[in-house]
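The structure under discussion appears below in the form of structure tokens.
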Amino acid sequence: MTNRASVLLSGGTEDERRTWAAASARHFAHEGPLVEVRQSSQVVDALRQRRGVVFIPDVARLDFPSQGLIVRCLQTQEERPKIVVGLSGSIEPARAKGSLREDLLYRLHLAQVDLTAEGMREVLAQRRAQLAAEEAARKAEAERLAAEKAAQLKASGITVKSSSRMRSKVLPRATAPKVTRR
């Protein structure tokens, strides 16, 4: 999870594969976002980013030319994102059906993780709980900092009010802050 090696995750549910990718993305969050690719048309744009993590939930759903783009990225790009490739079943049936390119499998042969292995589901459930706890702690810290900032502004004579007349008609209704001095 913590190194830049690309990985092939086979088996498990899509949510379990996404948990693995999200855990990997936490290590590279300072470099860029986690980008999820679900369709062949999204591959080119996702692979253009130089850092971060690209997650493909099920590579067998992508067409062969798109899988070829992933192979090319793995072969040629020195600065590239970490690529986490998922496969809904096991490798051998996908190989037999011809839904997984041999050259892509070759490029990912060093880092293959079978999510159906004994104990792996428990580890992923623990990791999912840990990620949820970290996210809750991050949100609580952001709320605490916002409350401190509001208290500092109030102490200096600045009040922050919500204005309903500044709502966007296109986006969901959100209030924009209105700043006034006493």
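The values are calculated or read from the model by the stated rules, or taken from the named source; none is laboratory data. As the structure is a prediction and not an experimental result, all values here were calculated from the model. Glycine also receives a Cβ, built like all others from the backbone with ideal geometry; neighbour counts cover every protein chain displayed. Note: accessible area is taken over every heavy atom of the protein model, side chains too, but ligands, DNA and RNA are not part of it. Shrake-Rupley method; radii C 1.70, N 1.55, O 1.52, S 1.80 Å.
When all alpha carbon pairs of segment 100-143 are counted in 5 Å bins from zero, the resulting P(r) reads 5, 18, 12, 13, 13, 13, 11, 8, 4, 1 %. Taking amide H as placed 1.01 Å from N in the peptide plane, residue 36 has its amide H under 5 Å from the amide H of 55, each at least 5 places away in sequence or on another chain. Residues whose amide H lies under 5 Å from that of residue 83, counting only those 5 or more places away or on a different chain, are 6, 7, 54; hydrogens are built 1.01 Å from N in the peptide plane. Taken about its Cα centre, the chain carries a charge dipole of roughly 1540 debye when the Cβ of each Lys and Arg holds +1 and the Cβ of each Asp and Glu holds -1.
The angle between the Cα long axis of helix 120-155 and the longest principal axis of the Cα atoms of the chain comes to about 20 degrees, rounded to the nearest 10.
Ranking 94, 39, 52 by Cα position along the charge dipole of segment 1-98, where only Lys, Arg, Asp and Glu carry charges on their C-beta atoms, puts 52 farthest toward the positive end. Estimated from helical segments only, the mean residue ellipticity of the chain at 222 nm is -14500 deg cm²/dmol, where each DSSP H run of four or more residues counts as -39500 (n - 2.57). Applying the Karplus relation 6.51 cos²θ - 1.76 cosθ + 1.60 with θ = phi - 60° to segment 108-114 yields 3J(HN,Hα) values of 9, 5, 7, 10, 10, 10, 8 Hz, where x marks Gly and Pro. If each Cα of the chain is one equal point scatterer, what is log10 of I(q)/I(0) from the Debye formula at q = 0.09, 0.16, 0.17 Å⁻¹? Each listed q corresponds, in turn, to -0.47, -0.95, -1.03. Computed from backbone phi with θ = phi - 60° and the Karplus coefficients 6.51, -1.76 and 1.60, the 3J(HN,Hα) list for segment 16-24 is 5, 5, 5, 4, 4, 5, 5, 5, 5 Hz; x is used for glycine and proline.
Computed with a 1.4 Å probe over protein heavy atoms only, the accessible surface of segment 89-163 comes to 69 Å² per residue.
Rounded to the nearest whole Hz, the Karplus-based 3J(HN,Hα) values (6.51 cos²θ - 1.76 cosθ + 1.60, θ = phi - 60°) of segment 32-45 follow the sequence x, x, 7, 10, 9, 10, 10, 10, 4, 5, 8, 4, 4, 5, with x at glycine and proline.
Tell me, what is the percent relative contact order of the chain, built from C-alpha pairs under 8 Å that lie six or more residues apart?
Numbers: 250 pairs, mean separation 43.1, N = 182.
Over the chain, the number comes to 24 percent.
Suppose every K and R has +1 on its Cβ and every D and E has -1 on its Cβ; what is the size of the dipole of segment 31-80 about the Cα centre, in Debye to the nearest 20?
40
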